[in-house]
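Asks: Okay, here's the structure, questions in a sec.
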Amino acid sequence: MKKFPLYDTEYFDTIPAYLEGLSRKYGNREAISYFTRKQEKITVTYEELVLRVTYLKEELIAMGMAGRHIAIVSENSCDWVVACLAIMACGAVAVCVDIEQSDDSIREMIQMADAEMVFASAGYRSVFDPVSVDQLGLKQVVYLGAQREGTKSLDELCEKGKRRTEEQQSGFVTVQPDQPAVIAFTSGTTSKSKLVILSHKNILKNMCDSCLYVTFEETVFCSLPFYHTYGLTCSILGSLLRGTHVYINGDLKTMLRDLKLAKPDTMLTVPLIVESIYNQIWLNAEKAGKADQLKRLLKLVRVLRKCGIRMKSKTLDGIREQIAGNLHIMICGGAHLGKEISEDFESFGILILQGYGITECSPLISVNSNRSYKMGSVGYVLPSCEIRIVEDEIWVRGDSVMEGYYKAPEQTKEVMEDGWFKTGDLGYQDKDGCLYLTGRKKNLIVFKNGKKTSPEKLEELIMQVPLVKEVVVTGTASGTSVDDVKITASIYPDPDRTGHMSSYEILEELQKEIDAINEKLPTYQQVQMINIREKEFSKTGTKKIKRHMV
């Protein structure tokens with residue numbers, strides 16, 4: 001692998017050790033901020049955060065919850081972070097429930113994970129009516145935020161824990177690196193979610209490794225769902241380990257508002273958000289009649305960059321400041337992002353560092369570094385990870401890899417072989433050790449002549465068409481045999497660009513663009529059918545399209 005300078009980082013192997021490190025290193029530095037509905041900024045320092053976690057941990061121990069499974073059912077919030085850290089610190093297991101589900105599905109997740117207690121926000125009270133609590137076998141439902149009549153709140157438990165600490169009635173538990181810390185649900189893009197068991201060592205080794213490659217600036221904005229390991233490990237735990245000031249967003253409706261209010265230097269996000277910002281830049285340019293001028297300017301910047309010349313442009317800086325303010329770094333993962341988009345953002349003054357991860361690996365497997373990166377790749381494999389490519393599939397082994405799925409030995413056996421986890425993702429490494437993704441094994445379109453094609457590559461090409469907002473490419477049966485298929489593109493057109501067009505005009509324009517793409521492809525890879533969708537695709541919490549629902 002190519003050698004490049006690493007950043008200094010301190011390693012921890014349990015959450016209690018991690019919390020002690022935060023308190024020791026950062027004290028009264030600002031840790032977490034968020035905005036109220038009235039746009040008031042609320043801030044918690046590192047010292048205050050660790051104290052709240054400590055008090056809640058003490059009360060959980062007194063309640064006999066050490067070693068138990070405790071679920072969190074809430075949108076992103078500071079209380080979510082406090083609850084999760086306290087659960088892990090007391091030796092219990094945090095069940096991070098995917099809230100982008102129906103009430104019945106959330107109840108099912110809680111039962112599947114054998115949770116005995118729940119921390120929930122007020123928005124999910126309907127999940128826990130008295131009958132449901134009894135049916136779920138829950139000992140306690142504790143609400144985040146302001147206390148309501150007849151319920152217990154997180155603040156109340158923290159106050160009780162504080163008194164225990166002051167009266168020197170603290171409980172004591174020993175937390176080991178290999179004991180379970182989290183049960184996370186897979187995103188379920190291709191099948192039903194599975195329950196992944198991750199230990200303290202899994203999560204913390206992964207988090208600390210990432211800090212060797214990537215550094216953040218002073219302020220970080222995060223709207224990634226914390227119930228997903230990308231949001232928990234990389235966004236929250238990783239940001240706090242670096243001593244940054246994290247701005248939390250828990251509602252996509254206020255994301256752009258909070259982003260402007262926070263004025264962050266760094267943002268952790270997913271391709272869908274990056275593409276939305278990118279599309280907005282071009283939409284603004286088109287409305288102002290300056291799209292052609294912008295294309296010429298970006299082309300010039302790219303040519304000069306290849307010659308080793310960094311060109312400063314007031315026009316490009318102005319576009320960045322208008323759309324993204326102080327933003328200079330975007331860490332992007334969860335799905336593939338086109339190389340051209342990354343290159344254009346660099347021209348605007350925003351460095352996009354793309355990474356690759358999967359829940360079963362805590363989640364990060366590879367990431368580009370601020371000090372060494374390649375656009376289009378997902379970066380360098382983490383030091384504690386080892387990968388091998390088996391028939392184009394990426395296998396991973398190392399300290400970040402899960403022990404298995406909860407109560408599912410057969411499912412575990414399907415994906416594990418001699419300590420290697422089979423990701424199901426297809427890819428390759430170049431001579432410098434940079435990893436590239438080419439698609440998902442389950443998504444491959446197989447033809448009756450034995451040839452195969454990756455729909456993700458076709459989707460990347462189609463996404464470059466301005467009229468396209470979302471696309472999924474599949475193989476549609478067109479004959480009597482299973483492998484007699486036609487490549488079909490299901491497209492959700494961008495309503496901002498097609499609002500004035502009829503359905504026929506949209507289809508006609510898209511067909512012209514698809515024909516142009518097909519001319520550059522082998523016959524067997526050409527798109528033969530187009531389906532126009534009237535609404536967006538169903539997505540996971542990290543905004544990946546649920547392909548099995550297409």
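Asks: Given (1) among the hydrophobic types (A, V, I, L, M, F, W, C); (2) at pLDDT below 90; (3) under 28 Å from TYR492 (Cα atoms), identify the lone condition not met by LEU298.
Replies: That leaves (2) as the condition not met.
Asks: Condition first: of a type in the set (S, T, N, Q), in contact (Cβ under 8 Å) with a residue 40 or more places away in the chain and part of a helix (DSSP H, G or I). Can you find one or more residues in the range 467-487 that meet it?
Replies: No, every residue in the range 467-487 fails to be of a type in the set (S, T, N, Q), in contact (Cβ under 8 Å) with a residue 40 or more places away in the chain and part of a helix (DSSP H, G or I).
Asks: CYS385 is checked against (1) buried (at least 17 other Cβ atoms within 10 Å of the Cβ); (2) at pLDDT 95 or above; (3) under 26 Å from LEU458 (Cβ atoms) and fails just one. What number does that condition carry?
Replies: Here CYS385 meets the rest and fails (3).
Asks: Something else now. State the number of residues belonging to the range 105-159 that are among the hydrophobic types (A, V, I, L, M, F, W, C) and in contact with a His (Cβ under 7 Å, 6 or more places away or on another chain).
Replies: Residues that pass the stated criteria total 2.
Asks: Would you pick out the residues in the range 243-253 that are touching a residue at least 40 places away in the same chain (Cβ under 8 Å) and more than 18 Å from the chain's Cα centre (by Cα)?
Replies: Residues satisfying the conditions are GLY243, HIS245.
Asks: In the range 396-414, what residues are in contact with a helix residue (DSSP H, G or I) (Cβ under 7 Å, 6 or more places away or on another chain) and outside any loop (DSSP other than H, G, I, E, B)?
Replies: Once the filter is applied, which keeps residues that are in contact with a helix residue (DSSP H, G or I) (Cβ under 7 Å, 6 or more places away or on another chain) and outside any loop (DSSP other than H, G, I, E, B), the range 396-414 yields VAL396, GLY404, TYR405.
Asks: Right, something else. Sort through GLN464, GLN528 and tell me the only one that's surrounded by fewer than 20 Cβ atoms within 10 Å (Cβ to Cβ), in contact with a helix residue (DSSP H, G or I) (Cβ under 8 Å, 6 or more places away or on another chain) and touching a residue at least 24 places away in the same chain (Cβ under 8 Å).
Replies: None of the other options fit; the residue is GLN464.
For every residue, the table says whether it meets (1) at pLDDT 95 or above; (2) under 13 Å from ASN206 (Cα atoms); (3) polar (S, T, N, Q).
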site	(1), (2), (3)
GLY376	no, no, no
SER400	yes, yes, yes
GLU403	no, no, no
VAL415	yes, no, no
ASP418	yes, no, no
LYS422	yes, no, no
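Asks: Of all the helices (runs of 4 or more DSSP H) wholly in the range 1-108, which have at least 2 residues that are out of contact with any Asp or Glu (no Cβ under 6 Å at 6 or more places or on another chain) and surrounded by fewer than 21 Cβ atoms within 10 Å (Cβ to Cβ)?
Replies: Output list reads 15-26, 46-62.
Asks: Still on this structure, I have one more. If you scan the range 302-322, which residues turn out to be at pLDDT below 90, among the aliphatic types (A, V, I, L, M) and buried (at least 17 other Cβ atoms within 10 Å of the Cβ)?
Replies: ILE319
Asks: Here's something else I'd like to know. Suppose we filter TYR380, TYR356 for residues that are closer than 30 Å to GLN322 by Cα, under 20 Å from the mean Cα position of the chain (by Cα) and aromatic (Phe, Trp, Tyr); which single one remains?
Replies: TYR356
Conditions (1) out of contact with any Asp or Glu (no Cβ under 7 Å at 6 or more places or on another chain); (2) crowded, with 19+ Cβ neighbours inside 10 Å; (3) not β-branched (Val, Ile, Thr), marked per residue:
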| site | (1), (2), (3) |
| --- | --- |
| GLY355 | yes, yes, yes |
| SER362 | yes, yes, yes |
| ASN370 | yes, no, yes |
| ARG397 | no, no, yes |
| TYR428 | yes, no, yes |
| LEU435 | yes, yes, yes |
| VAL446 | no, no, no |
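Asks: Among the residues of the range 212-222, write down those that are under 19 Å from THR43 (Cα atoms) and surrounded by 24 or more Cβ atoms within 10 Å (Cβ to Cβ).
Replies: VAL220, PHE221, CYS222
Asks: With the condition kept exactly as written, say whether any residue in the range 347-364 is among the charged types (D, E, K, R), under 28 Å from ILE462 (Cβ atoms) and modelled with pLDDT of 95 or more.
Replies: No: zero hits.
Asks: While we're here: Tell me which residues, restricted to the range 379-394, are assigned to a strand (DSSP E or B), hydrophobic (A, V, I, L, M, F, W, C) and under 24 Å from LYS339 (Cα atoms).
Replies: VAL381, ILE387, ILE389, ILE394
Asks: Oh, and also: Is there any pair with a first residue in the range 437-461 that is assigned to a helix (DSSP H, G or I) and a second that is among the basic types (Lys, Arg) whose Cβ atoms are under 6 Å apart and which are 6 or more apart or on different chains, and what are they?
Replies: Sorted first by the residue in the range 437-461, then by its partner, the list stays empty.
Asks: In addition: Quick check on TYR143: is it touching a Leu at 6+ places or on another chain (Cβ under 9 Å), of a type in the set (Phe, Trp, Tyr), crowded, with 19+ Cβ neighbours inside 10 Å and closer than 24 Å to ARG125 by Cβ?
Replies: Against the criterion (touching a Leu at 6+ places or on another chain (Cβ under 9 Å), of a type in the set (Phe, Trp, Tyr), crowded, with 19+ Cβ neighbours inside 10 Å and closer than 24 Å to ARG125 by Cβ), TYR143 qualifies.
Asks: Return the pairs, sorted by first residue and then second, in which the second residue is assigned to a helix (DSSP H, G or I), the first residue lies in the range 38-60 and is more than 17 Å from GLU166 (Cα to Cα), the beta carbons are less than 6 Å apart, and the residues are 6+ apart or on different chains.
Replies: Pairs that qualify, where the first residue is more than 17 Å from GLU166 (Cα to Cα) and the partner is assigned to a helix (DSSP H, G or I), are VAL44/CYS78; TYR46/LEU22; TYR46/TYR26.
Asks: Turning to a different aspect of this structure: If you go through the range 225-233 one residue at a time, do you hit one that is part of a helix (DSSP H, G or I) and among the hydrophobic types (A, V, I, L, M, F, W, C)?
Replies: yes
Asks: So which residues in the range 419-436 are in contact (Cβ under 8 Å) with a residue 60 or more places away in the chain and not in a strand (DSSP E or B)?
Replies: Listed by number, the residues that qualify are ASP432, GLY433.
The values are calculated or read from the model by the stated rules, or taken from the named source; none is laboratory data. Please read these numbers as outputs of a predicted model, since none were measured by experiment. Because the Cβ atoms are built from the backbone with ideal geometry, glycine has one as well, and the counts that use them run over all protein chains shown.
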